[in-house]
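A.B. asks: This is the structure, below, for whatever I ask next.
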Amino acid sequence: MSKDHPDKPTEVSPEGVEEGIGPRKSIAEQDIIDLSKLESTEESGPQKTYKLHGYWYLVFTVLAVVSGVFHFYTGGYRTLPAMVQRPIHLAFIMVFTFMLYPARRSSATRNRPSVFDLVFALLAVISSFFIVFNLRAIAEARGLVGPDEMIMGIIFMIVIIEAGRRVVGTFMLVFAAVFIAYLFVGPWLPGTILRHGGFSLARVISHMYTSIEGVFGIAVGVSATYVYLFILFGAFLSKSGTTQVFADLALAAAGASVGGPAKVGIIASGLMGTIQGSSAANVAATGLFTIPLMKKLGFKPYFAAAVEAVASCGGQFLPPVMGASAFIMAQYLGRPYAYVAAGALLPALLYYAAVFLQVHLHAKKRNMKGIDRKRLPALGGVLLRKGHLLLPIVILIGMIVFGFTALYAAFMSTISIFVISSVRKETRMSLTDILDGLRMAARSSIMTALACAVVGFVVGAVALSGLAMLITQQIVRLGAGRLLNTLVLAALSSLVLSFGLPTTSVYIITATLVAPGLTAVGLPPLVSHLFCYYWGGVSAITPPVALAVYVGAGIAGAPVMKSGFTAMRLGVAAYIVPFYFAYWPILITRQERASQIVLAVVGGIMTVVALAGIGERYYFRLLPWYKFGFLVLAAPLLIAPTTWSQIAGAGLVVFVLVGEYISFRRRRQDSAVETL
């Protein structure tokens, strides 16, 4: 069958997909698919944590329970003063870090922390609680630090740096070290742009350790409240079986369609990713199931890795949760979390629509069919058996929509998990499930919390030196007052600054250094922050770093660079959609007339259709080059902020679509006549 005539798609047999694998049962002969049984045997990466046993496992469990109760109570019921809540939060986090993460990877085979680890854990507790017990004296000193504060501050900074090195990575520490060094070497820098008068060690310690302008800033504040509470919510959702419901719903909804396995991966990763918010972590969690499914049903390993990476990358853009960054964004903007989530919704839906459509076209181009319906769970059956487990998410979204704070919504939604899961015996959570959830939350909170703490050095240095104002001035100057120039500069800056960094760190850095430059040229603040958030987030799928791709390629056993460039092609919307909503900010702010909002949404949909066609060079057949050129021309016309340019761009897309559809129908009729 010609690739230009995919009129009769055939089901892809898993046999012979990979060399060295013997024949398997045919799809029709296999049982109903259970994603939990499709876990890959591939290693997603080297083991980095201790495997605690016996006494130390009990100690970790007790600390995880105490930490969970502390954060649940203070986050959702009675928040403590910032300089009490945040040091205690970091004390828990650093103790967990030194109990679980070895100083060297080669030591990860141990089943208990070393004496060296325990010394660091003790220093972390002492230096953190020094702030709590001496808060009044520190406040009365008004920024002046004595010998005790100096010693404790130096110890605290060393402990944070060591914890960050073990978890966040060396690159982030080097980045932070550059900004700390900038505070001391400023007087000797050449030129006048970056030069400043310099700061003493006492001033730096005061700013970074005894104030909410440094390590204990907004980011750690969000980590100590919103993030830990939502991580608890996600952990208990997982232990109640809700994540399996996500997977079953994805299978039931999209498994039988063209390219079904990849679409299942997109839906499942999107649903789980919006709660987790970390691209690489989400690939590690859901990719263990979705990537083997895609491979076994005909997709190439590199393509399966790319689909999972792109789908997981989108989870950080998709409300209601969007990971920690959404809460930090709300704090930076001084607006309710619901305002950020509502503004982010339409761009995220356009992103997923583009990925979904491109995967569909990819499967059609290769004559691939979905999974046999006999092997898929029935949608009605899934909802009848376990649909009640989705109610906590409904409660969470409903409370946010009706004006409750995100903290209170997460607090009540977490409580509802225990009540709702108890409705049926088979979904009721046991004491073991609850303890597992608390341990999972303790582990899952480490990366985000330490990223927020380490990036606090960057934010603190920028605030103390006034560097943010200088960078904003340079972006505005180099942009020469033209929005496109400024957007390109901001996009490239956000991408470069985000290479190799966790999602939360990416947003904080770009929000501090880049977003003010966009706001200065007239973009609404939320649009500026989301633009930087998107362009920082796509570093997860952009070679040469592409952390999400590295994890996916490791699971799939695929070449990293080939997977990375495929991910860039599949995720092209992540690069283009930010430019679209920058030129059409009403897509986010929705403050104009309804007709203008509809025009912006329709233009966004047409842009997505054009991008999918460009990505695969296919609609109903492989596109002729001149029609492919029409789509390439249509994309910038659709983005341009004038009605007539959008009409022209939409006209080109419709011309290509209608022409290809008529040609497709004509070929089918000719084929039917020949058959007769």
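The values are calculated or read from the model by the stated rules, or taken from the named source; none is laboratory data. Given the structure is predicted, the values throughout are model-derived calculations rather than measurements. Note that we place each Cβ from the backbone using ideal geometry, even for glycine, and neighbour counts take in every protein chain shown.
A.B. asks: Which of the residues that make up region 405-446 are buried (at least 20 other Cβ atoms within 10 Å of the Cβ), hydrophobic (A, V, I, L, M, F, W, C) and within 23 Å of residue 325 (Cβ to Cβ)?
C.D. replies: Matches in region 405-446: 406, 409, 410, 411, 441, 442, 446.
A.B. asks: Of the conditions (1) more than 28 Å from residue 226 (Cα to Cα); (2) touching a residue at least 12 places away in the same chain (Cβ under 8 Å), residue 79 fails just one. Which one is it?
C.D. replies: (1)
A.B. asks: Considering only residues of region 499-520 that are at pLDDT below 85 and in a loop (DSSP other than H, G, I, E, B), which is farthest from residue 166 (Cα to Cα)?
C.D. replies: 499
A.B. asks: Is there a residue being surrounded by fewer than 24 Cβ atoms within 10 Å (Cβ to Cβ), touching a residue at least 60 places away in the same chain (Cβ under 8 Å) and either more than 29 Å from residue 369 (Cβ to Cβ) or not hydroxyl-bearing (Ser, Thr, Tyr) (or both) anywhere in region 268-275?
C.D. replies: No, region 268-275 has no match at all.
A.B. asks: Output the number of the condition that residue 399 fails; it satisfies all remaining conditions of (1) surrounded by fewer than 24 Cβ atoms within 10 Å (Cβ to Cβ); (2) within 30 Å of residue 493 (Cα to Cα).
C.D. replies: Status for residue 399: all satisfied but (2).
A.B. asks: Same structure, new question: Just to confirm my filter: which helices (runs of 4 or more DSSP H) fall fully inside region 145-241 and include at least 2 residues that are among the aromatic types (Phe, Trp, Tyr) and surrounded by fewer than 21 Cβ atoms within 10 Å (Cβ to Cβ)?
C.D. replies: On the way: elements: 147-167, 170-185, 201-209, 218-222, 228-240.
Passing ranges, in order: 170-185.
A.B. asks: With in contact with a Leu (Cβ under 8 Å, 6 or more places away or on another chain) and closer than 21 Å to residue 50 by Cβ as the only criterion, which of 437, 479 stands out? Walk me through how you get there before you give the answer.
C.D. replies: Working: 479 fails: closer than 21 Å to residue 50 by Cβ.
Going through 437, 479 in turn, just one is in contact with a Leu (Cβ under 8 Å, 6 or more places away or on another chain) and closer than 21 Å to residue 50 by Cβ: 437.
A.B. asks: Here is a follow-up. So if I check each of 468, 480, 409, which one is modelled with pLDDT under 90 and assigned by TED's automatic domain parsing to the domain that holds residue 251?
C.D. replies: On the way: 468 fails: assigned by TED's automatic domain parsing to the domain that holds residue 251; 480 fails: assigned by TED's automatic domain parsing to the domain that holds residue 251.
Result of the check over 468, 480, 409: 409.
A.B. asks: Sticking with this one: Just name the residue that is nearest to residue 568 (Cα to Cα) out of those in region 627-642 that are of a type in the set (Val, Ile, Thr) and either in contact (Cβ under 8 Å) with a residue 24 or more places away in the chain or not in a helix (DSSP H, G or I) (or both).
C.D. replies: Step one: list which residues in region 627-642 are of a type in the set (Val, Ile, Thr), which gives 632, 639, 642.
This time we only want the ones that are either in contact (Cβ under 8 Å) with a residue 24 or more places away in the chain or not in a helix (DSSP H, G or I) (or both), so: 639, 642.
Values: 639: 20, 642: 28 Å.
Among residues in region 627-642 that are of a type in the set (Val, Ile, Thr) and either in contact (Cβ under 8 Å) with a residue 24 or more places away in the chain or not in a helix (DSSP H, G or I) (or both), the one nearest to residue 568 (Cα to Cα) is 639.
A.B. asks: Going through region 60-102 one residue at a time, which ones are loosely packed, with under 15 Cβ neighbours inside 10 Å and not β-branched (Val, Ile, Thr)?
C.D. replies: Here is the first cut: in region 60-102, the ones loosely packed, with under 15 Cβ neighbours inside 10 Å are 62, 66, 69, 73, 77-78, 81.
Of everything in region 60-102, those that are loosely packed, with under 15 Cβ neighbours inside 10 Å and not β-branched (Val, Ile, Thr) turn out to be 73, 77, 78, 81.
A.B. asks: Right, another one. Name the one entry in 256, 250 that is in a helix (DSSP H, G or I) and either under 18 Å from the mean Cα position of the chain (by Cα) or farther than 27 Å from residue 336 by Cβ (or both).
C.D. replies: Working: 256 fails: in a helix (DSSP H, G or I).
Only one candidate passes the filter, namely 250.
A.B. asks: Of all residues in region 557-578, how many are under 19 Å from residue 635 (Cβ atoms), surrounded by fewer than 22 Cβ atoms within 10 Å (Cβ to Cβ) and of a type outside the set (A, V, I, L, M)?
C.D. replies: Number satisfying all stated conditions: 2.
A.B. asks: Kindly indicate whether any position in region 617-626 is in a helix (DSSP H, G or I), surrounded by 14 or more Cβ atoms within 10 Å (Cβ to Cβ), within 37 Å of the chain's Cα centre (by Cα) and without any contact (Cβ under 8 Å) to a residue 60 or more places away in the chain.
C.D. replies: Residues of region 617-626 in a helix (DSSP H, G or I): 625-626.
The next check asks that each one be surrounded by 14 or more Cβ atoms within 10 Å (Cβ to Cβ); those that pass are none.
No, there is no match, as no residue in region 617-626 is in a helix (DSSP H, G or I), surrounded by 14 or more Cβ atoms within 10 Å (Cβ to Cβ), within 37 Å of the chain's Cα centre (by Cα) and without any contact (Cβ under 8 Å) to a residue 60 or more places away in the chain.
A.B. asks: Right, something else. Within region 378-385, does at least one residue satisfy the condition of being over 22 Å from residue 250 (Cβ atoms) and not acidic (Asp, Glu)?
C.D. replies: no
A.B. asks: Right, next: If you take the residues in region 303-325 that are in a helix (DSSP H, G or I) and not hydrophobic (A, V, I, L, M, F, W, C), which one is farthest from the chain's Cα centre (by Cα)?
C.D. replies: First, the residues of region 303-325 that are in a helix (DSSP H, G or I): 303-315, 323-325.
Still in the running and not hydrophobic (A, V, I, L, M, F, W, C): 308, 312, 314-315, 323, 325.
On the way: 308: 12, 312: 7, 314: 6, 315: 5, 323: 6, 325: 9 Å.
Taking the candidates together, the pick is 308.
A.B. asks: Could you check residue 501 against (1) at negative phi; (2) surrounded by fewer than 21 Cβ atoms within 10 Å (Cβ to Cβ) and say which number it fails?
C.D. replies: Unmet for residue 501, out of (1) at negative phi; (2) surrounded by fewer than 21 Cβ atoms within 10 Å (Cβ to Cβ): (2).
A.B. asks: Also, quick follow-up: Any idea which of 357, 345, 297 is modelled with pLDDT under 85 and either buried (at least 21 other Cβ atoms within 10 Å of the Cβ) or out of contact with any strand residue (DSSP E or B) (no Cβ under 9 Å at 6 or more places or on another chain) (or both)? Quick ask: steps written out before the conclusion?
C.D. replies: Values: 357 fails: modelled with pLDDT under 85; 345 fails: modelled with pLDDT under 85.
297 is the lone residue from the list that is modelled with pLDDT under 85 and either buried (at least 21 other Cβ atoms within 10 Å of the Cβ) or out of contact with any strand residue (DSSP E or B) (no Cβ under 9 Å at 6 or more places or on another chain) (or both).
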